[in-house]
Amino acid sequence: MNQELPRTADVVIIGGGVMGTSTAYHLARKGVRRVVLIEKEPFFGVMSTGRCAGGIRHQFSTEINIRFSLESIRMLERFPEEMDQDIDLRFVGYLFLLTHEEDVAAFRQNVALQHRLGVMTRWLTPEAIQQLIPQVNLEGVRAGTFYERDGLCDPSSVVQGYVKNARRLGAQLLTGVTATGIRKQGNRIVAVETSHGTIATPVVVNACGAWSPHIGRMAGVDIPIQPLRRQIVVTTPLPDIPPDFPFIIFFREALYFHREGEGILTGKSNPNETPGYKLEVDPEWELIHMEEAMYRLPLLEKAGLLSHWAGLYEVTPDAHPIMGRVPTVEGFYVVAGFSGHGFMHGPIAGLLMAEEIVDGRAHTIDISPFRYDRFLVGDLKPEYNVV
Ligand SMILES: Cc1cc2nc3c(=O)[nH]c(=O)nc-3n(C[C@H](O)[C@H](O)[C@H](O)COP(=O)(O)OP(=O)(O)OC[C@H]3O[C@@H](n4cnc5c(N)ncnc54)[C@H](O)[C@@H]3O)c2cc1C
């Protein structure tokens, strides 16, 4: 930490990934004067946010996720001008490839919902897909869906933009400070204890992603989020991959590719991964992943390994995030559990959290389906398009 810890705040945000930094910016922009964000790592955005694939898409199965994407992606389009920060936004499209009949049926319904909300996803035959991506082995592919306003964006630049502009508006964002406890009087938040001292505050925002259950326990709230390891490999340059190569996902196989620099970034979710804070690459899974990746994109045989890493998905029972105030503890708010697709929803999530705290209720989008209370009444409608 390179600054003294403030002793009091109007709001303390714990966690400096995309959720925390976006919330800090939007609170400061709404005029909250003493916003303090603490991040345990030496830099902002180096955990799930900095380890993600950078994909942004509208192709979801629930109305609320599609609405989140519509708002968030518009915000990302305005970002370079509003925040004076380039974010390498590229609309190359997402191409979902379907090899199972039940996914074809589910995606037909999803596409109908997307159309109703103005997201004009295209339904593609295997022949049309082959024309679009001749480099890919489409063995067993029955159909695909493509939306050209999906694409890619740089997560670190988005976080830096929020940090820079939140500070410009007077918020204090600190690295190297760990939240260690939460003090309450009765059921009301009064302070956050940290590795560097105590901050008196009536409001705490838990933006700790995969670590948010720890912060929940400090406040006496059970947060149903599990950390699940996911891995990525980036290759050396492959000149045969065109600049407009889409973000391709073999849906049932949970295998994906997109162009990264002049090479390929690829990931494949391990269905047998067990929950845990595992941040080292599992070499056995990487072997299985790369064998399948080369089968689907034979060009990969010509590439070398540039880098690889593991990160954590922050998974809830219905793959939907937890957002807003927690009714049992006054002053305790959560924005976490985006279940592996949170980077793209960071912009709108931060705005909605600022509305929830300052205006009393999030109003740009109704966040009822994401509220903590749903677990108390067992009202879960899962997102289908999870990779
Ligand atoms: C391999 C992989 C690929 C992904 N691909 C995509 C994608 O293509 N598109 C997409 O939209 N999403 C993707 N995601 C998901 C996305 O990364 C997350 O949903 C999103 O980044 C979550 O942001 P966050 O701010 O909640 O969490 P984080 O970025 O993890 O931030 C939480 C922060 O809290 C801090 N913290 C924890 N405990 C404490 C404490 N006690 N005190 C202080 N600070 C603390 C952590 O250090 C961390 O920096 C991917 C994730 C992974 C792992």
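The values are calculated or read from the model by the stated rules, or taken from the named source; none is laboratory data. Please read all numbers here as calculations on a predicted model, not as lab measurements. Positions of Cβ are generated from backbone atoms using ideal geometry, with glycine treated the same way; all protein chains shown enter the neighbour counts.
Going through the stretch 303-327 one residue at a time, which ones are more than 14 Å from the ligand (Cβ to nearest atom) and more than 28 Å from residue 28 (Cβ to Cβ)? Steps first, answer last, please.
Step one: of the stretch 303-327, the residues more than 14 Å from the ligand (Cβ to nearest atom) are 303-306, 317-318, 324-327.
Listed by number, the residues that qualify are 303, 304, 305, 306, 317, 318.
Within the stretch 200-220, the set of residues being outside any helix (DSSP H, G or I) and either surrounded by 22 or more Cβ atoms within 10 Å (Cβ to Cβ) or of a type outside the set (A, V, I, L, M, F, W, C) (or both) comprises 201, 202, 204, 205, 206, 207, 208, 220.
Any idea which of 55, 45, 50 is within 9 Å of the ligand (Cβ to nearest atom), under 17 Å from the mean Cα position of the chain (by Cα) and buried (at least 24 other Cβ atoms within 10 Å of the Cβ)? Before you say what the answer is, go through the steps one by one.
On the way: 55 fails: buried (at least 24 other Cβ atoms within 10 Å of the Cβ); 50 fails: buried (at least 24 other Cβ atoms within 10 Å of the Cβ).
On inspection, the qualifying residue turns out to be 45.
Within the stretch 10-40, count every residue that is of a type in the set (A, V, I, L, M, F, W, C) and over 10 Å from residue 350 (Cβ atoms). Qualifying residue count, the stretch 10-40: 9.
Output yes when any residue across the stretch 331-340 is surrounded by 15 or more Cβ atoms within 10 Å (Cβ to Cβ), more than 16 Å from the ligand (Cβ to nearest atom), more than 29 Å from residue 234 (Cβ to Cβ) and in the same structural domain as residue 373 (by TED's automatic domain parsing), and no when none is. Yes: one or more hits. For the stretch 242-283, which residues satisfy the criterion of being touching a residue at least 60 places away in the same chain (Cβ under 8 Å), assigned to a loop (DSSP other than H, G, I, E, B), in contact with a Phe, Trp or Tyr (Cβ under 9 Å, 6 or more places away or on another chain) and under 26 Å from residue 135 (Cα atoms)? Selection gives 245, 246, 251, 269.
Within the stretch 39-140, which helices (runs of 4 or more DSSP H) (wholly inside it) include 1 or more residues that are in contact with a Gly (Cβ under 6 Å, 6 or more places away or on another chain)? Steps first, please.
Details: elements: 63-83, 101-116, 126-132.
Per the criteria, 63-83, 126-132.
Of the strands (runs of 3 or more DSSP E) lying entirely inside the stretch 296-387, those containing at least 2 residues that are of a type in the set (Gly, Ala, Ser) and under 16 Å from the mean Cα position of the chain (by Cα) span 305-315. A Cβ distance below 9 Å, combined with a sequence gap of six or more or placement on separate chains, defines the contacts here; from the stretch 287-311, residues that are under 22 Å from residue 251 (Cα atoms) reach residues that are assigned to a helix (DSSP H, G or I) and of a type in the set (Asp, Glu) in the pairs 294/301; 308/286.
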